[in-house]
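A.B. asks: First the structure, then my questions, so here it is.
Throughout, read-outs are computed from the coordinates displayed, never taken from laboratory work. Keep in mind that what you see is a predicted model, and the values were worked out from it rather than measured. Note that each Cβ is placed from the backbone with ideal geometry, even for glycine, and that neighbours are counted across all protein chains shown.
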Protein chains: 2
Amino acid sequence: MGAKKARPVTLQMIADQLGLHVSTVSRVLHAKPGEGLRAASSPTVERVRRLADELGYQRNPHAMSLRTQRSNLIGVLVPRLSDMVLATIYEGVEEAAAEHGLSTFVTNTRDVPEVQRARTEMVLGRRVDGLIFGDAHSDSVFLDEVAARGVPFVLVNRRAGGHPAVVCDDYLGGRLVADHLLEQGHEDVAVVAGEPYASTGIDRTGGFADRFREAGLPIPAHRIVHSRFDAQGGRAGTERLLATGPRPSAVFVVNDFGAIGTIGALRDHGLRVGADIAVVGFNDTPLAAELPVPLTTVRSPMREMGRRGLRQLVRVLAGEQAESELLRPELIVRASSDPALYERLKAGTVG
Amino acid sequence: MGAKKARPVTLQMIADQLGLHVSTVSRVLHAKPGEGLRAASSPTVERVRRLADELGYQRNPHAMSLRTQRSNLIGVLVPRLSDMVLATIYEGVEEAAAEHGLSTFVTNTRDVPEVQRARTEMVLGRRVDGLIFGDAHSDSVFLDEVAARGVPFVLVNRRAGGHPAVVCDDYLGGRLVADHLLEQGHEDVAVVAGEPYASTGIDRTGGFADRFREAGLPIPAHRIVHSRFDAQGGRAGTERLLATGPRPSAVFVVNDFGAIGTIGALRDHGLRVGADIAVVGFNDTPLAAELPVPLTTVRSPMREMGRRGLRQLVRVLAGEQAESELLRPELIVRASSDPALYERLKAGTVG
DNA sequence: CGCGATTGCCCAAACGTTTGGGCCAAACGT
DNA sequence: ACGTTTGGCCCAAACGTTTGGGCAATCGCG
């Protein structure tokens, strides 16, 4: 037992068994519709095809890549896959890649510039055909370098330095949140703005702040704090917010996981989310709706972002121009920022 | 501007420039310590090294894999990376892989058998050296087949059919939860047990149920429901639980994300977690501590599981025997199941 | 000084594909 | 009957490495 690893079947084996030349077999099996017409007679084609899948032939990707200088591999860099947002985006990328016959190579950079560089080199070393960055920093020097080297890539999730990017319209998302809070009569609000180098946080905060300014309620600088994009970050940011003077009546946390940290911090301060203070998140991760006090948030098309990012990369690889895309966000109002919903929630069942 | 993609530098180029033979250059750059001693004189070695990194030489992995029949690639299959648990495990795998000079190739199978098969084939088609399955089903027919083909692999997260696996001691984890709830005086408990084919859910539930049985309080079948491992699944399972007769005094949800869904469902039924009903999760994801009512859960060493899984695979690839490992879980008691903590929480700050 | 060992390097084949070109026979046109 | 096309296939070179072997010069040693 324990079948010893049989050597995989090659074109050569098929050719030998059929008394054909390897090149003929190659053309029969892999030539694109238009060009392989005169490769072989149709009975031959049939014989080759039959034997190939009888033997379970699988093209050797290394030989092929070596010969064609194309790997059909694309590299994906993300801050961390344990961030559900990026993981979901990646799922979209992978899905679309599979549809295009491409494989993906994903790696975590932890948003650390040296790691980004190192992982990029390693992925390039693997001879990927192109890259998708989900971890762009708004200071785009690194990306500029990569672009200068002629490496094809597109950005998803975050934009930077005018490079082709598929992102959510974060600025609009921020405005939507502001619209909503203004409607609810909030005048003293705060923002947990995420990492200062991420366009997501920057744009969401920007849209939000602009809208409040337009309403004659500019947000003072100390009401905006930066933080990591996870629960711990949200907690830390919120603690800093609460440490400075009177507490705001609402806080906009630029992503859902951060918002959960915020909720934890507020709880520790004896504040009831939805009653004493409003909280709004971003992304509408599956958790948002399930929290004890459901979280108002902005739905962003994460998986779709990944899909479209890949599609743009495919265009670039085909020599076309990539186009940046701005995907529509949607505000989802829940009890964490809506007194009426909150009352209904507390009254008993909601539905 | 727009540097045209310069052809990557090859051994040949280096050799030519130095008037050496390509094989000499190869040995100088890549021979392992012991064997390359007589490859070249030390001045030559120096010249080669210098020129190589001056030119930024990078070994072409396709040529190398083609020649050596080894790709230094390993395939990782997970149900879904948007499940933070698997994503974290994968981070461990990737980390350890990098330390071993390996690259990883991860793909989502959504726990669908046909997809598992298809993705496995595709990954094998990419000529990976070995596999890590994070999505094993306890009916292990597929894995048996893979093993019979002589493909090296190890399991992480879930075990199945005696194949080498690195998992958390889920059975013990379940017992720990039971210990705790028994201590709190709970006599009528329920379990949201996850997918019926996952050893994680099965073992956690098994340990839990065994302990209650030993305490003379066997858990009736209708108190155990299966569900998906995410928030929606937890919610759905809990709804089914609440639909049948009197409600339990505590519910053990075999993973944290499920527990969040449970919390949502309980909320909709007007039940206060920690006061009206106890809830316990599993995994201690970073969210657990931040919930409005912090969640009691079992900490499992996810990242470490990934690291060790990879290490075992490396052993297998080196021709050694892999050993299954059982990692220690740790119960983390929080307010969701501890009245004393709950009171302190409600009283104000907790620290 | 002669002989075996060592040093420093080169040679060539192989890994499995792809692809431009060529060759022969049959079919076709006039 | 004789050139021309076309169908069906083969040839061979390349892609960039790795690796077992070989060969000449130098060295150590008695």
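A.B. asks: Going by the alpha-carbon gyration tensor, a ≥ b ≥ c the square roots of its eigenvalues, is region B:212-351 rounded (a/c under 1.5) or, if a/c is not under 1.5, prolate (a/b greater than b/c) versus oblate?
C.D. replies: It is prolate, given that a/c is not under 1.5 and a/b is the larger ratio.
A.B. asks: Given C-alpha coordinates of the protein assembly as shown, what is the ratio Rg to Rh with the Kirkwood estimate of Rh?
C.D. replies: The Rg/Rh ratio comes out at 1.01.
A.B. asks: Also: Pull out a ≥ b ≥ c, the square roots of the eigenvalues of the alpha-carbon gyration tensor of region B:80-128, then state rounded if a/c is under 1.5, prolate if not and a/b is larger than b/c, and oblate in the remaining case.
C.D. replies: Oblate shape, in that a/c is at least 1.5 and b/c is the bigger or equal ratio.
A.B. asks: Right, another one. For chain B, I need the span (max minus min coordinate) of the C-alpha atoms along each principal axis, in Å, sorted largest to smallest.
C.D. replies: That works out to 86, 49, 39 Å along the principal axes.
A.B. asks: Taking chain A as a Gaussian network, Cα atoms linked when under 10 Å apart, which of A:R211, A:R119, A:R67 shows the biggest mean-square fluctuation?
C.D. replies: It is A:R67.
A.B. asks: Between B:G56, B:G150, B:G75, find the one with the highest GNM mean-square fluctuation for chain B; connect C-alpha pairs within less than 10 Å.
C.D. replies: Of B:G56, B:G150, B:G75, the Gaussian network model singles out B:G56 as fluctuating most.
A.B. asks: Give me B:L143, A:L86, B:L172 ranked fewest to most by other Cβ atoms within 10 Å of their Cβ, as a rough exposure proxy.
C.D. replies: B:L172, B:L143, A:L86
A.B. asks: Mean residue ellipticity at 222 nm from the helices of the protein assembly as shown, using -39,500 (n - 2.57) per DSSP H segment of n ≥ 4 over the full residue count, to the nearest 500 deg cm²/dmol?
C.D. replies: The per-residue figure over the protein assembly as shown is -14000 deg cm²/dmol.
A.B. asks: For A:S324, B:S227, what's the fewest-to-most ordering of other Cβ within 10 Å of each Cβ?
C.D. replies: A:S324, B:S227
A.B. asks: Further question on the same structure: Anyone know which of A:R38, A:R204, A:R223 comes out most mobile in the 10 Å Cα GNM of chain A?
C.D. replies: It is A:R38.
A.B. asks: Pull out a ≥ b ≥ c, the square roots of the eigenvalues of the alpha-carbon gyration tensor of region B:193-289, then state rounded if a/c is under 1.5, prolate if not and a/b is larger than b/c, and oblate in the remaining case.
C.D. replies: Taking the square roots of the gyration eigenvalues as a ≥ b ≥ c, region B:193-289 is rounded.
A.B. asks: With everything on Cα atoms, drop me the angle between helix B:42-55 and the longest principal axis of chain B, reported from 0 to 90° to the nearest 10.
C.D. replies: 60
A.B. asks: By how many degrees, between 0 and 90 and to the nearest 10, does the Cα long axis of helix B:113-125 differ from the longest principal axis of chain B?
C.D. replies: Between helix and principal axis, roughly 20 degrees.
A.B. asks: About the Cα centre, and with charges only on the beta carbon of Lys, Arg (+1) and Asp, Glu (-1), how big is the dipole of region B:218-302? Nearest 20 debye, please.
C.D. replies: 220
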